[in-house]
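In what follows, a structure is listed as structure tokens, so that the remarks can point back to it.
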């Protein structure tokens, strides 16, 4: 399968701190990648580089068609950043308006997609009237309207309660399949990481110079009844051990 995204020898400082150093990896077309790592390791910074919001000091980040990253990758940050004075339709239309599409035409495009995102009854609702799950649906709709088929999701469900989170996981998988997307998603929930992904990227420590990749067995992928399967539990234990090993190593190094 062709590479949708390639990262080659990327180096980046955030202030005076070296976060990425000669980093290499690739993401395949229509793949779902879960990204896990300790807080502060640089996950969100990596996503901003992949979205084109930051520029690497060395190396390159390439899409399959050779196009520029900015505006070609859908990026959904941790907070939904919905504008409180805009309705659902108006919030989702924002990336289209920024591309120069007229307000009326942009809102017509959004309206045509509302049903697919379960938002057809919320077109003229304001953000404060929405549940957390519905706000995340609007955010994902807005990210998809960049025209990108590569989406970067930074802990999209972290603020949701357990029941809503499970509902949104199922919903996201359905949207991923319907829209033929490539997705990278940061999560601290190891069960979520195993359930959703084809591969899991573990960012071990800073600076990130390598990624530990774990393939999720096909039988476990996107199967709700596999959450408590022995193989899923073993994979989550492996992830936990990797994260703890590098956390302890980091404490010893900085002590």
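Values in this text are rule-based calculations from the coordinates and carry no lab data. Since we're looking at a predicted model, the values are computed, not measured. Cβ placement follows ideal geometry from the backbone for every residue including glycine, while neighbour counts extend to all protein chains displayed.
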Dimensionless Rg/Rh of region 70-123, both radii on Cα and Rh by Kirkwood, sits at 0.95
DSSP beta bridges in the chain: the antiparallel percent, rounded to 5, is 50
Region 51-144: relative contact order from alpha carbon pairs under 8 Å, six or more residues apart, as a whole percent, is 34
Contour minus Cα-Cα span, residue 64 to residue 120, at 0.36 nm per residue, comes to 16.8 nm
One finds the C-alpha centres of region 3-54 and region 161-224 to be spaced, in Å, by 16
Place a point 7 Å from the Cα of residue 2 in the direction of its beta carbon; the residues of region 143-157 whose amide N falls under 14 Å from it are 149-150
For the pair residue 159 and residue 128, the simple spin-label estimate (label points 7 Å beyond Cα toward Cβ) gives in nm 1.5
Here the relative contact order (percent) of region 196-239, from C-alpha pairs under 8 Å and at least 6 apart, is 32
For the chain, the longest principal axis of the Cα atoms and the Cα long axis of helix 162-179 enclose an angle in degrees, to the nearest 10, of 80
Note on the chain: contact order normalised by length, alpha-carbon pairs under 8 Å, 6 or more apart, percent, works out to 25
